[in-house]
Each structure stands twice: as C-alpha cells, then as structure tokens.
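Asker: Below is one structure. I have some questions about it.
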C-alpha cells in the first residue's frame, strides 16, 4: 500500500470509501452529517488539515486525516478501510502515518472520537496506544501523548 496526500481527482473515490463504511455500520447515510467530505481538498487544504489516501494499484482502499485543533494538538478523523481489506494491518499503517505526520507538524497530543457502538474501532485505538478519556450519548473520546 502507498499512502499519499489526496489529490482533487481522488476526492469522489475517497468519499465513497468513507460512505461505504457508514452504510455498513449504520445501514443508511445522512449526508448532512459529513460536510467536510463534500469537497475534501477544499476542507483538507494541506496547511491546517491533511487528508491521506492509501492505495493499492490505483484503487483507494483506506483514508485518514488529521485536523489541527491547537498548536500542539491534532485530531485524527476519517479513518476508514474498505471492508474487503480489513484485518490486514492497513488501518494500523494509516494510523501510524497520521501520527508521524502530526508529530512532524509539532503535535504533542492526538485526540479522536469514535462511535461508542463500534467495539472493534474502540479496541483498535486502545491497541494502538490511545487512552479512553470520556464518552457521551453517541461517542467515545480518546487521546495519545506524543513524546518530544
């Protein structure tokens, strides 16, 4: 797998990877809940926010992004792996890529949230060094300190 910053012509395929995950998890898609993926390269400009795609051949098989929250904190978002590519370590590779990129941009702390009904995602983040912080009615929140 090769991970690269997203290019404009890849936006629709990347959006479809994300939406296929939502459809699988929820059984429907509410497009109003995901305004950041309507125009990915506009929202993730490569300055404050960075969006990456993982590809095999020319097919996008996973996505991941980081959003700058403050000088030393980035949020990991839009982690998604096509179902036929799961359980191969691809998500872990993308997560490590995002962590390294955030660190290179000065991050000392990573945060993320995931749906609290997604036990596999929760376990994935715990297995990758993230610490549970709290939850609300819908989401669980995690953080990870990055050594200097």
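Only the coordinates and a few stated rules stand behind these numbers; no lab work does. All of these numbers come straight from a predicted model, not from anything done at the bench. Cβ placement follows ideal geometry from the backbone for every residue including glycine, while neighbour counts extend to all protein chains displayed.
Asker: Order of 146, 18 from fewest to most other C-beta atoms within 10 Å?
Answerer: Going from least to most buried by this count: 146, 18.
Asker: Same structure again: Using Cα centres only, tell me the gap between the range 94-148 and the range 67-90 in whole Å.
Answerer: 9 Å
Asker: From the P(r) of the range 73-128, can you give the percent of Cα pairs sitting at distances over 15 Å?
Answerer: In whole percent, the share of Cα-Cα pairs in the range 73-128 beyond 15 Å is 51.
Asker: Now for a different question. So what is the relative contact order of the chain, in percent, for Cα pairs below 8 Å that sit 6 or more residues apart?
Answerer: Reported relative contact order: 18 percent.
Asker: Hey, another quick one. Hey, fewest Cβ within 10 Å first, where do 32, 131, 114, 41 land in order?
Answerer: Ordered from fewest to most neighbouring Cβ atoms within 10 Å, 32, 131, 114, 41 come out as 32, 131, 41, 114.
Asker: Could you work out Rg/(2.2 N^0.38 Å) for the chain, with Rg from alpha carbons only?
Answerer: Rounded to two decimals, the normalised Rg is 0.98.
Asker: Still on this model: As a footprinting exposure proxy, order 94, 57, 1 by other Cβ within 10 Å, with the fewest listed first.
Answerer: 57, 1, 94
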